[in-house]
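Engineer: Okay, here's the structure, questions in a sec.
Derivation of every value follows stated rules applied to the coordinates shown; laboratory data play no part. Predicted model, so just to flag it, every value in this text is computed and none were measured. Quick reminder, even Gly has a Cβ in these numbers, built from the backbone with ideal geometry, and neighbours come from all protein chains shown.
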Amino acid sequence: MALPQAAHGSVLNIVGVGGRTPGEEFTIGGSVNGACLSFTKALAEIGISDGVQVNAISPGYIRTGRLRARLASLAAKHGGDLEAAEAEIVREEKIVRIGEPEDVANLPAFVLSPQSRYLQGALIGLDGGQTKTI
């Protein structure tokens, strides 16, 4: 159903990084996130004629409560050393670092700004290099 021609605005989906790289760790969540990425692309096509910008951002490891719990669990293997646990994730995932909440806030601020109105249907990885697929 098309919106009136006067419609405009933006939709920005935040979709887990597991949607692009299926794997054992993301069996269910990755499937759901993959569907969300596909939904973003389909909605972006509709949005073109309706003047609605539609994109998605896929954050990787971001310093949140959920990640802190995972780090605490990993730290137990390293004698309680949280820095060693974080370094293990960075090394194993081959990423530049663990992301900060500000990293996630800064990208949407740009994507939703007037300067990025040409961006349409983009699936943007914000994961420090975690996603190795094209």
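Engineer: Using alpha-carbon positions, what is the distance between the centroids of the range 61-134 and the range 19-36, in Å?
Structural biologist: Comparing the Cα centres of the range 61-134 and the range 19-36, I get a distance of 17 Å.
Engineer: What residue among L71, L126, G30 has its Cα farthest toward the positive end of the dipole of the chain, where the charges are +1 on Lys, Arg and -1 on Asp, Glu, each on the Cβ?
Structural biologist: G30
Engineer: Please work out the Cα convex hull volume for the chain and give it in Å³ per residue.
Structural biologist: Values: hull volume 15.7 nm³, N = 134.
Dividing the Cα hull volume of the chain by its residue count gives 117 Å³.
Engineer: Only Lys, Arg, Asp and Glu count, each charged at its Cβ (+1, +1, -1, -1), so figure out the dipole size of the chain about its Cα centre, rounded to 20 debye. Write out the running numbers ahead of the final one.
Structural biologist: On the way: 12 positive and 14 negative charges, 25 e Å.
The calculation lands at about 120 debye.
Engineer: With each run of n ≥ 4 DSSP H residues scored as -39500 (n - 2.57), what mean residue ellipticity at 222 nm is computed for the chain after dividing by its residue count and rounding to the nearest 500 deg cm²/dmol? Write down the numbers at each step before the final one.
Structural biologist: Values: 4 runs with 58 residues, N = 134.
About -14000 deg cm²/dmol.
Engineer: Lysines near K77 by alpha-carbon distance under 30 Å, same-chain residues fewer than 8 away left out - which ones?
Structural biologist: K94, K132
Engineer: Sticking with this structure for a sec: Any idea what angle helix 65-75 forms with the longest principal axis of the chain, computed on alpha-carbon atoms, 0 to 90 degrees, nearest 10?
Structural biologist: 30
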